[in-house]
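S.K.: Sending over a structure as structure tokens; questions will come in a sec.
Readers should treat all values here as calculations from the given coordinates under stated rules, not as data from a laboratory. Predicted, not measured: the structure shown is a model, and the values here were computed from it. Backbone-built Cβ (ideal geometry, glycine too); neighbour counts: all protein chains shown.
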Amino acid sequence: MLAKQLVELGYCTLVCRVSGMSREKWLEKRRSGIGGSDAGAIMGLNKWATPLTVYFAKKNITKEQQSDNLAIQWGNMAENAIRSGVAKELGVKAVKVPYMFRSLENPFMIADLDGLVFAKDEINVNGTKIQGLGGLEIKTTTKFNNEFKDDEIPDSYFCQVQHYMAVTGLKWFILAVMIDRVGGKMYVIPRNEGFIESLIEKERVFWKEFVEADIPPAPTGSDKELEYIAALPMAESVELDCEELFDEKEQIDLTIKDLKAKSDALKAQILLNVAEKSDGSAEKTVATAGQWKVTYSTQERKTADVKALEKDGLTDYIKTSSSRVARFTRIKA
């Protein structure tokens with residue numbers, strides 16, 4: 001049993017069996033530590049999550065944004081086939097691991113692995129030699145996703161498997177990527193001790209100074225953070241003691257407004273130059289200046305006429321959505 005061999009390495013212990021566990025129970029277990037999918041956000045290398053969104057998830061302040069949508073369901077169903085494909089193509093043993101693991105040295109670090117791989121003899125995978133026990137991480141994507149452009153491993157996935165190696169003590173991971181359920185790629189990611197040392201320290205600070213201390217990390221300004229914050233309960237009237245934040249935001253907004261005006265003025269000047277050098281009236285104009293190019297053309301945008309729909313009594317075709325909007329104004333003396 002490869003899971004037993006993993007524990008016998010002496011780096012981690014079993015937390016629980018996750019196979020067959022409800023999503024709610026699984027999320028509860030995930031809140032007991034930092035998982036691999038959290039690592040990239042804590043390191044500032046995940047475009048979909050930030051330390052603040054991870055904090056919200058760990059404290060169960062708002063529901064996690066990831067849901068069991070169709071793409072995720074397809075991905076989960078494909079895992080068994082991908083594991084079998086890895087085993088067949090490489091001539092190794094590849095198994096599902098229905099357990100959650102916890103680091104013995106750093107108990108705030110947990111790991112949920114997609115699989116374990118055992119290569120009895122040394123094999124070469126895309127130029128990297130591996131042997132013995134290693135990990136398996138599975139991803140599914142589409143041909144329209146350019147995350148693996150030029151065969152570069154996305155930073156968040158690199159962080160994820162390095163986190164798993166920090167928890168388990170494994171020396172390498174295979175990242176298996178299925179593309180549109182018809183093609184795929186395999187990468188070997190070796191253990192990086194220098195990166196792991198930095199990763200552990202950042203995760204320790206995050207867990208001790210934020211999660212355990214009940215202090216949210218500073219926002220980074222991402223849209224995801226605003227989505228989480230918009231879901232927080234808020235009172236009708238609140239007295240704040242952070243006027244300096246308003247002052248700083250005002251100065252930044254004024255700077256942005258000034259730069260936007262300057263940018264718009266330059267845009268107008270460029271287009272004026274285009275007009276001055278034109279001797280006709282075209283639907284589309286392409287102008288060049290050295291290594292720069294501007295395309296100026298007419299575009300049509302069709303939208304529903306809400307008033308006309310209401311007038312004709314077709315209100316069933318009007319979709320209403322709601323969102324929180326924040327407006328900042330100075331109180332007049």
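S.K.: To test your reading of the geometry: what angle, between 0 and 90 degrees and rounded to tens, separates the Cα axis of helix 155-168 from the longest principal axis of the chain?
M.R.: The angle comes out at about 30 degrees.
S.K.: Take the Cβ-Cβ distance between residue 263 and residue 179 as r, set R0 to 51 Å, and report the resulting FRET efficiency rounded to the nearest 0.05.
M.R.: That pair, residue 263 with residue 179, gives E of 0.85.
S.K.: I want to check the label-to-label distance for residue 243 and residue 5. Put each point 7 Å from Cα in the C-beta direction and report it in nm to one decimal.
M.R.: Rounded to a tenth, the inter-label distance reads 6.7 nm.
S.K.: Shifting gears a bit: Give the lysines reachable from residue 311 as a straight Cα distance under 25 Å; neighbours fewer than 8 places away on the same chain don't count.
M.R.: The reachable lysines, counting only those whose Cα sits under 25 Å from residue 311, are 302, 319.
S.K.: Starting from 0.36 nm per residue, how many nanometres of slack lie between residue 47 and residue 59 once their C-alpha separation is accounted for?
M.R.: Once the chain is fully extended between residue 47 and residue 59, it gains 2.2 nm.
S.K.: Neighbour counts of other C-beta atoms within 10 Å: give me 237, 19 arranged from fewest to most.
M.R.: 237, 19
S.K.: Residues of the range 285-304 with the amide nitrogen closer than 18 Å to a label point 7 Å from the Cα of residue 278, along Cα-to-Cβ, please.
M.R.: The answer is 285-289, 293-300.
S.K.: Determine, for 220, 255, 168, the number of other Cβ atoms within 10 Å of each Cβ, and report the residues in order from fewest to most.
M.R.: Lowest to highest Cβ neighbour count: 255, 220, 168.
S.K.: Compute the longest continuous run of the chain that contains no exposed GluC sites (Glu not before Pro); treat a site as exposed when its DSSP state is not H, G, I, E or B and it has at most 11 other Cβ atoms within 10 Å.
M.R.: Result for the longest clean stretch: 1-151.
S.K.: Sticking with this one: Taking 0.36 nm per residue of sequence separation and subtracting the Cα-Cα distance, how much length would be gained by fully extending the chain between residue 212 and residue 318, in nm to one decimal?
M.R.: 33.5 nm
S.K.: Cα-Cα over 23 Å: which of 202/224; 4/29; 96/171; 88/120; 96/208; 143/185?
M.R.: 96/208
S.K.: For the range 2-230, give the share of DSSP beta bridges that are antiparallel, in percent and rounded to the nearest 5; count only bridges with both residues there.
M.R.: So the antiparallel bridges amount to about 75 percent of the total.
S.K.: Please compute the modelled spin-label separation between residue 305 and residue 29, points set 7 Å along Cα→Cβ, answer in nm with one decimal.
M.R.: The modelled label-to-label distance comes out at 5.8 nm.
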